[in-house]
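First the structure, in the form of C-alpha coordinates, and then the observations on it.
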Amino acid sequence: MVAKKRTQSGGTPATVALTRAGADFTLHPYEHDPRAQSYGLEAAEALGVEPGRVFKTLMASLDSKLVVGIVPVTGQLDLKALARALGGSKAQMAEVAAAERATGYVAGGISPIGQKRSHPTVLDQSATAYETVYVSGGRRGLDLELSPTDLATITSATIAPIAR
(Lines give C-alpha, C1' and ligand atoms only; values in the text may rest on other atoms or scores of the structure.)
Protein backbone atom coordinates (compact mmCIF):
# COMPACT_ATOMS: atom_id res chain seq x y z
CA MET A 1 0.00 0.00 0.00
CA VAL A 2 1.50 3.29 -1.07
CA ALA A 3 0.50 6.50 0.65
CA LYS A 4 0.24 9.58 -1.53
CA LYS A 5 1.26 13.03 -0.35
CA ARG A 6 -0.94 16.10 -0.70
CA THR A 7 0.50 17.10 -4.06
CA GLN A 8 -1.86 14.54 -5.60
CA SER A 9 -5.44 15.58 -4.89
CA GLY A 10 -7.10 12.17 -5.33
CA GLY A 11 -10.06 13.87 -6.96
CA THR A 12 -12.55 14.19 -4.10
CA PRO A 13 -13.97 17.41 -2.66
CA ALA A 14 -12.17 16.55 0.62
CA THR A 15 -8.73 16.36 -0.98
CA VAL A 16 -9.39 19.50 -3.02
CA ALA A 17 -10.40 21.39 0.15
CA LEU A 18 -7.31 20.19 2.02
CA THR A 19 -5.02 21.12 -0.86
CA ARG A 20 -6.59 24.58 -1.12
CA ALA A 21 -6.16 25.06 2.64
CA GLY A 22 -2.49 24.10 2.39
CA ALA A 23 -2.97 21.35 4.97
CA ASP A 24 -0.56 18.46 5.24
CA PHE A 25 -2.31 15.17 4.65
CA THR A 26 -1.64 11.74 3.26
CA LEU A 27 -4.01 9.70 1.10
CA HIS A 28 -4.42 6.06 2.04
CA PRO A 29 -6.35 4.09 -0.60
CA TYR A 30 -7.30 0.50 0.18
CA GLU A 31 -9.36 -2.24 -1.40
CA HIS A 32 -12.92 -1.79 -0.12
CA ASP A 33 -15.03 -4.91 0.42
CA PRO A 34 -18.73 -4.03 -0.09
CA ARG A 35 -19.64 -6.84 2.32
CA ALA A 36 -17.74 -5.18 5.21
CA GLN A 37 -19.99 -4.68 8.22
CA SER A 38 -18.03 -1.65 9.46
CA TYR A 39 -16.36 0.62 6.93
CA GLY A 40 -14.20 2.21 9.62
CA LEU A 41 -12.96 -1.04 11.12
CA GLU A 42 -12.35 -2.31 7.58
CA ALA A 43 -10.18 0.77 6.92
CA ALA A 44 -8.21 0.31 10.14
CA GLU A 45 -7.51 -3.32 9.33
CA ALA A 46 -6.66 -2.69 5.68
CA LEU A 47 -4.31 0.16 6.58
CA GLY A 48 -2.76 -1.59 9.59
CA VAL A 49 -3.74 1.29 11.89
CA GLU A 50 -4.90 1.20 15.51
CA PRO A 51 -8.72 1.43 15.25
CA GLY A 52 -8.85 4.25 17.81
CA ARG A 53 -7.05 6.52 15.30
CA VAL A 54 -9.67 5.94 12.60
CA PHE A 55 -12.69 8.24 12.88
CA LYS A 56 -16.12 7.99 11.31
CA THR A 57 -18.23 10.92 10.19
CA LEU A 58 -21.83 10.74 11.33
CA MET A 59 -24.62 13.13 10.45
CA ALA A 60 -27.26 13.94 13.02
CA SER A 61 -30.28 16.20 13.13
CA LEU A 62 -30.06 18.65 16.02
CA ASP A 63 -33.16 20.73 16.61
CA SER A 64 -34.08 20.16 12.92
CA LYS A 65 -30.71 21.13 11.43
CA LEU A 66 -27.96 18.81 10.25
CA VAL A 67 -24.75 18.58 12.25
CA VAL A 68 -21.61 16.44 12.05
CA GLY A 69 -20.12 14.22 14.75
CA ILE A 70 -16.65 12.74 14.23
CA VAL A 71 -15.96 9.80 16.54
CA PRO A 72 -13.59 6.82 16.67
CA VAL A 73 -14.79 3.79 14.71
CA THR A 74 -14.42 1.78 17.92
CA GLY A 75 -17.21 3.77 19.61
CA GLN A 76 -20.61 5.27 19.08
CA LEU A 77 -21.86 8.82 18.85
CA ASP A 78 -23.42 10.00 22.12
CA LEU A 79 -26.30 12.09 20.79
CA LYS A 80 -26.92 13.84 24.13
CA ALA A 81 -23.25 14.84 24.33
CA LEU A 82 -23.36 16.07 20.72
CA ALA A 83 -26.40 18.22 21.53
CA ARG A 84 -24.68 19.62 24.63
CA ALA A 85 -21.49 20.41 22.70
CA LEU A 86 -23.46 22.44 20.15
CA GLY A 87 -25.85 24.06 22.62
CA GLY A 88 -28.89 22.22 21.29
CA SER A 89 -31.61 20.27 22.97
CA LYS A 90 -32.32 17.08 21.04
CA ALA A 91 -30.24 15.19 18.49
CA GLN A 92 -31.08 12.09 16.50
CA MET A 93 -29.28 10.32 13.69
CA ALA A 94 -30.00 11.85 10.29
CA GLU A 95 -31.61 9.81 7.56
CA VAL A 96 -29.04 8.39 5.16
CA ALA A 97 -30.59 10.10 2.13
CA ALA A 98 -30.56 13.48 3.91
CA ALA A 99 -26.91 13.01 4.91
CA GLU A 100 -25.93 12.10 1.36
CA ARG A 101 -27.80 15.09 -0.14
CA ALA A 102 -26.34 17.55 2.36
CA THR A 103 -22.75 16.35 2.07
CA GLY A 104 -22.46 15.26 -1.56
CA TYR A 105 -20.94 11.97 -0.43
CA VAL A 106 -22.33 8.43 -0.24
CA ALA A 107 -22.86 6.70 3.10
CA GLY A 108 -19.74 4.83 4.11
CA GLY A 109 -17.65 7.46 2.33
CA ILE A 110 -18.86 10.67 3.97
CA SER A 111 -15.90 12.87 4.76
CA PRO A 112 -16.11 15.65 7.33
CA ILE A 113 -14.09 17.77 4.86
CA GLY A 114 -15.35 19.27 1.60
CA GLN A 115 -19.05 18.77 2.18
CA LYS A 116 -21.50 20.55 -0.16
CA ARG A 117 -22.52 22.84 2.70
CA SER A 118 -20.75 23.42 5.95
CA HIS A 119 -22.46 22.05 9.04
CA PRO A 120 -21.75 22.59 12.73
CA THR A 121 -19.16 19.94 13.55
CA VAL A 122 -17.87 18.30 16.72
CA LEU A 123 -14.69 16.22 16.86
CA ASP A 124 -14.43 13.76 19.72
CA GLN A 125 -11.72 14.86 22.14
CA SER A 126 -10.00 11.45 21.92
CA ALA A 127 -8.56 12.61 18.58
CA THR A 128 -6.23 14.98 20.42
CA ALA A 129 -4.34 12.02 21.89
CA TYR A 130 -2.85 11.27 18.46
CA GLU A 131 -0.38 13.09 16.25
CA THR A 132 -2.49 12.12 13.24
CA VAL A 133 -5.93 10.60 12.73
CA TYR A 134 -7.69 9.01 9.77
CA VAL A 135 -11.03 10.08 8.28
CA SER A 136 -12.85 9.22 5.08
CA GLY A 137 -11.38 10.79 1.99
CA GLY A 138 -14.77 11.12 0.35
CA ARG A 139 -15.32 7.64 -1.03
CA ARG A 140 -15.27 4.09 0.22
CA GLY A 141 -11.74 2.73 0.11
CA LEU A 142 -9.96 6.06 0.65
CA ASP A 143 -8.87 7.50 3.97
CA LEU A 144 -7.05 10.73 4.74
CA GLU A 145 -4.43 11.01 7.46
CA LEU A 146 -4.00 14.44 9.01
CA SER A 147 -3.44 16.10 12.35
CA PRO A 148 -6.48 16.48 14.59
CA THR A 149 -5.66 20.19 14.82
CA ASP A 150 -5.88 20.59 11.03
CA LEU A 151 -9.07 18.51 10.97
CA ALA A 152 -10.68 20.74 13.60
CA THR A 153 -9.49 23.93 11.91
CA ILE A 154 -10.63 22.98 8.40
CA THR A 155 -14.06 21.81 9.58
CA SER A 156 -14.43 24.62 12.18
CA ALA A 157 -15.08 21.84 14.68
CA THR A 158 -15.67 22.10 18.36
CA ILE A 159 -13.64 19.52 20.29
CA ALA A 160 -15.68 17.76 22.98
CA PRO A 161 -16.30 14.29 24.45
CA ILE A 162 -19.05 12.96 22.15
CA ALA A 163 -18.13 9.26 21.89
CA ARG A 164 -19.17 6.47 24.18
How do 131, 50 stack up against each other in accessible area, from largest to smallest, with a 1.4 angstrom probe? 131, 50
Answer with one residue from 60, 18, 107: the one whose Cα lies farthest towards the positive end of the charge dipole of the chain, charges on Cβ with Lys, Arg +1 and Asp, Glu -1. 60
Regression test value, accessible area per residue of the chain, probe 1.4 Å, units Å², expected 50
A student applying the Cα gyration tensor rule (rounded when a/c is under 1.5; otherwise prolate if a/b is larger than b/c, oblate if not) would label region 79-152 oblate
Output the antiparallel fraction of DSSP beta bridges having both residues in the chain, as a percent to the nearest 5. 75
Net charge contributed by nearby residues that have their C-beta within less than 11 Å of residue 81 (K/R +1, D/E -1): +1
May I ask for the net charge around residue 148, where only other residues with Cβ less than 10 Å from the Cβ of residue 148 are counted and Lys, Arg are +1 while Asp, Glu are -1? -2
Pop out the carbon and sulfur fraction of the accessible area of region 55-164 as a percent, whole number, probe 1.4 Å. 47
Given +1 on the Cβ of Lys and Arg, -1 on the Cβ of Asp and Glu, and no further charges, what dipole in debye does the chain carry about its Cα centre, rounded to the nearest 20? 500
Answer rounded, prolate or oblate for region 17-164, using the Cα gyration tensor with square roots of eigenvalues a ≥ b ≥ c: rounded when a/c is under 1.5, else prolate when a/b is larger than b/c, else oblate. rounded
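The values are calculated or read from the model by the stated rules, or taken from the named source; none is laboratory data. Small disclaimer: the values here were computed from a predicted structure and weren't measured. Don't worry about glycine lacking a Cβ; one is built from the backbone with ideal geometry, like all the others, and counts go over all protein chains shown. The protein model used for the area step is the full one, side chains on, heavy atoms only, and it has no ligands, DNA or RNA in it. Shrake-Rupley method; radii C 1.70, N 1.55, O 1.52, S 1.80 Å.
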